[in-house]
Amino acid sequence: MIQLKDITKLYNRGKLKVKVLKGVSLSIKKGEYVSIMAPSGAGKSTLMNIIGCLDTPTSGTYFLDNDEISGLNDSRLSAIRNSKIGFVFQAYNLLSGVNAIRNVMLPLIYRNKYPPDAGDRAEKMLKLVGLQDRLSHSPGELSGGEQQRVAIARALICEPSVLLADEPTGNLDSNSGREILSTFDQLHQVGKTIVLITHDQNAANHAKRIIRMRDGLITEDTSS
């Protein structure tokens, strides 16, 4: 499903060229729950941006669902992001004053054809993450953990190939964080492919496979 081979990424910082990724090769199968764990500055965010089609590698190849995307232009990458990748970030990025269903429906607006059953799809996704009693609530009426679950439902609305979560518990207290990790556990059980980017060992332990990075390289890849 996800196949990266010899991925490098260089950034120009003034006269300096900084090599953030130094030849990363990685395969992730459909239905896997993988965590990528590393300290700050190790390259995990850059790798996430490449997997999520938010950035392109300097060299190397990236295949998603058997299609090579490492050399595509911004327009094609945007289309892939909208159709194949669901993002969950540390910040929930919900629209204030808009209820949960409408927040979840938002990605469908950017599709070429807005589906007539958009509301039903949003309700289904909210039920999937355990928010069937919060459909009409706005973000201000929800706890931090509930807001993050709305964000997860929004990430799932386009039925993406992979759910990419970047420090999804970073803004939450420990109890709410456990709720979110439990939600990911449940999504994995129904066959969702999840890539969790984290520096938190407790969060990483929920994944069935832990990939560790340091200095732009994968240093360890273990399965539970």
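Could you tell me the relative contact order of region 151-222? Use alpha-carbon pairs under 8 Å, at least six residues apart, and round to a whole percent.
Working: 58 pairs, mean separation 19.1, N = 72.
Over region 151-222, the number comes to 27 percent.
Over region 53-187, calculate the relative contact order: mean separation of alpha carbon pairs under 8 Å at least 6 apart, over the residue count, as a percent.
31
Rg and Dmax in Å for the chain, alpha carbons only: what are they?
17.5, 55
Subtracting the Cα-Cα distance from 0.36 nm times the residue separation, let me have the gained length for TYR114 to GLU141 in nm, one decimal.
6.9 nm
What shape does region 117-180 take by its C-alpha gyration tensor, where a ≥ b ≥ c are the square roots of the eigenvalues and a/c under 1.5 counts as rounded, a/b above b/c as prolate, and the rest as oblate?
Oblate is the answer for region 117-180, as a/c is 1.5 or above yet b/c matches or exceeds a/b.
Based on the alpha-carbon set only, what is the convex hull volume of region 9-98 divided per residue, in Å³? Could the numbers behind the result be given before it?
Working: hull volume 14.6 nm³, N = 90.
That works out to 163 Å³ per residue.
7 Å from Cα along Cα→Cβ at both ASP215 and ASP65: what's the point-to-point distance in nm?
3.8
Any chance you could get the radius of gyration and Dmax over the Cα atoms of region 181-224, in Å?
Cα only, region 181-224: 11.2, 35 Å (Rg, Dmax).
Suppose every Lys and Arg Cβ carries +1 and every Asp and Glu Cβ carries -1, with no other charges. What dipole size does region 78-157 come out with about its Cα centre, to the nearest 20 debye?
Charge dipole of region 78-157: 360 debye, to the nearest 20.
Filter the trypsin sites (Lys or Arg not before Pro) in region 1-93 down to the DSSP loop ones having no more than 11 other Cβ atoms within 10 Å, then list what survives.
Answer by residue number: LYS15, LYS29.
With a Cα-only, solvent-free Debye model of region 101-224, what are the log10 I(q)/I(0) values at q = 0.10, 0.14, 0.15, 0.18 Å⁻¹?
Result of the Debye calculation: -0.34, -0.65, -0.73, -0.98.
Find the Rg to Rh ratio for region 29-151, where Rh is the Kirkwood radius over alpha-carbon pairs and Rg uses the same atoms.
On the Cα set of region 29-151, Rg over Rh gives 1.01.
Quick one, can you get me the convex hull of the C-alpha atoms of region 3-54 expressed as volume per residue in Å³?
84
Compute the length gained on full extension between ASN175 and GLU159: take 0.36 nm times their separation in residues and subtract their Cα-Cα distance, giving the result in nm to one decimal.
3.0 nm
Work out the charge dipole of region 1-107 with +1 on the Cβ of Lys and Arg and -1 on the Cβ of Asp and Glu about the Cα centre, then indicate which of ASN12, ALA100, SER35 is farthest towards its positive end.
Of the options given, the answer is ASN12.
Could you work out the helix-only [θ] at 222 nm for the chain, with each DSSP H run of four or more residues adding -39,500 (n - 2.57) and the total divided by the number of residues, to the nearest 500 deg cm²/dmol?
-9500 deg cm²/dmol
Calculate the FRET efficiency for ASN73 and LYS5 from the Cβ-Cβ distance with a Förster distance of 22 Å, rounded to the nearest 0.05.
Between ASN73 and LYS5 the formula returns 0.60.
In whole percent, what relative contact order does region 48-109 give with Cα contacts below 8 Å and a gap of six or more residues? The partial results should precede the final answer.
Values: 30 pairs, mean separation 14.9, N = 62.
Once normalised by length, the contact order is 24 percent.
Taking the Cα centre of region 1-76 as origin, work out the dipole magnitude from +1 charges on Lys and Arg Cβ and -1 charges on Asp and Glu Cβ, in debye rounded to 20.
Roughly 460 debye, rounded to the nearest 20.
Read-outs: derived from the displayed coordinates by stated rules, not from any lab. Fair warning: this is a prediction, and the values are worked out from it, not measured in the lab. Methodologically, a virtual Cβ is constructed for each residue, glycine included, from the backbone with ideal geometry; neighbour enumeration extends over all protein chains shown.
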